[in-house]
There are 4 protein chains.
Amino acid sequence: MRGYTKDKDAYAKRLRRIEGQVRGLQRMVDEDAYCIDVLPQIAAATRALQSVALGLLEDHLAHCVAQAVEAGGPDGEEKIREAAEAISRLVRS
Amino acid sequence: MRGYTKDKDAYAKRLRRIEGQVRGLQRMVDEDAYCIDVLPQIAAATRALQSVALGLLEDHLAHCVAQAVEAGGPDGEEKIREAAEAISRLVRS
Amino acid sequence: MRGYTKDKDAYAKRLRRIEGQVRGLQRMVDEDAYCIDVLPQIAAATRALQSVALGLLEDHLAHCVAQAVEAGGPDGEEKIREAAEAISRLVRS
Amino acid sequence: MRGYTKDKDAYAKRLRRIEGQVRGLQRMVDEDAYCIDVLPQIAAATRALQSVALGLLEDHLAHCVAQAVEAGGPDGEEKIREAAEAISRLVRS
């Protein structure tokens, strides 16, 4: 069981849609689309991926981290440090 | 003919690899991977997409924009304005 | 008392250094520095600001959010939702 | 003379406003503002810096790069490569 387990189908669906967006990009390049027209489609796929990452992170805070904090002890602190590092990498990527 | 035409095969290959990364994400979610382990894989796909966008943009500047500027007249200015807007959207996405 | 209270002096110092970086940018523009040389200095100030934001957020999770979660009840969930929104805005800015 | 020379006063003014935003952040931290309320102010300063960077870059393309391209020869190509690298760093910062 993960924080995102109850939304698993929704995440699977969103990732399949992103896969479709990437295939759409392949088609655009294959058909010599105007470069400036390809960029917004790349940005759309990038934003959709970021949005999945943010959703997973929120689910993680709300379940996995919250449970470790409620249980008390060093594990809660460790989970928060781990989440904070993941947030940093996300902001900087 | 586009700025990226001569590198078309390389772009196609990179986009197919990104498609594979997105399918890898689907697998991770399907197999209940630990949330914090999914995030770096999302970041890798995001960076790979950004890198394609930056490559297309450089090719665009080096060919389409440079040719319009060399030809002189308002079209060069227009192409630079259009590229600058695309850069802004890329930085903000 | 805030999550960052015990590090207040360190944050104050970092923000003063960023203020100095912004004044350095003013000087560069005033002295007609080469545009391409100004950009990395802007990026350095931007990264320093982001890093302050990430530090404040980690302190917030480790103190304010953790305390609300430990106390139990809807306030903990609300604090996590609020933090998740702040993270989203940070990633997208 | 730089691409941004004719807009120098406007850039100086924008950078002074950003300096004021950073001083406002110092005040917030000094007065123990709620962490989640500080983050949007940091994001506002970050966006303002990014916007200055994008403005300088557009001026650079429209003047310095365009002139080198019009003059013909390897200098134009070199300027485009340099600008493309600067754009990459901007997108990734």
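Things to note:
- Meets criteria (within 18 Å of C:Gln21 (Cα to Cα), within 15 Å of the chain's Cα centre (by Cα) and not basic (Lys, Arg)) for D:Ala83: no
A quick yes/no check of all residues on (1) facing chain C (nearest Cβ under 10 Å); (2) under 17 Å from C:Arg81 (Cα atoms); (3) loosely packed, with under 14 Cβ neighbours inside 10 Å; (4) aromatic (Phe, Trp, Tyr):
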site: A:Tyr4; (1), (2), (3), (4): no, yes, no, yes
site: A:Tyr11; (1), (2), (3), (4): no, no, no, yes
site: A:Gly24; (1), (2), (3), (4): no, no, no, no
site: A:Ile42; (1), (2), (3), (4): no, no, no, no
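- Residue pairs whose Cβ atoms lie under 6 Å apart, sitting 6 or more positions apart in sequence or on different chains, and linking a residue in the stretch C:11-29 that is at negative phi to a partner that is open to solvent by 50 Å² or more (accessible area, probe 1.4 Å), are C:Leu25/C:Gln41.
- Applying the criterion of being without any contact (Cβ under 8 Å) to a residue 12 or more places away in the chain and not small (Gly, Ala, Ser) to the residues of the stretch C:51-70, the residue that is farthest from the other protein chains (Cβ to nearest Cβ) is C:Gln67.
- Here the condition is being at pLDDT below 95, under 14 Å from the mean Cα position of the chain (by Cα) and either open to solvent by less than 50 Å² (accessible area, probe 1.4 Å) or under 28 Å from D:Gly55 (Cβ atoms) (or both); of C:Ser93, C:Ser51, it holds for C:Ser93 alone.
- In this structure, A:Asp37 qualifies as in a helix (DSSP H, G or I), more than 9 Å from chain C (Cβ to nearest Cβ) and either under 13 Å from the mean Cα position of the chain (by Cα) or surrounded by fewer than 16 Cβ atoms within 10 Å (Cβ to Cβ) (or both).
- Test: C:Ala84 is closer than 23 Å to D:Ala44 by Cβ, away from chain A (no Cβ under 11 Å) and without any contact (Cβ under 8 Å) to a residue 12 or more places away in the chain: no
- Filtered residues of the stretch A:55-85 (kept if open to solvent by 30 Å² or more (accessible area, probe 1.4 Å), assigned to a helix (DSSP H, G or I) and among the small types (Gly, Ala, Ser)): A:Ala62, A:Ala71
The values are calculated or read from the model by the stated rules, or taken from the named source; none is laboratory data. Predicted model only: the values in this text are computed from it and were never measured. In this analysis, Cβ positions are derived from the backbone assuming ideal geometry, glycine residues included, and neighbour counts consider all displayed protein chains. All accessible areas refer to the heavy atoms of the entire protein, side chains included, with ligands and DNA or RNA removed. Shrake-Rupley method; radii C 1.70, N 1.55, O 1.52, S 1.80 Å.
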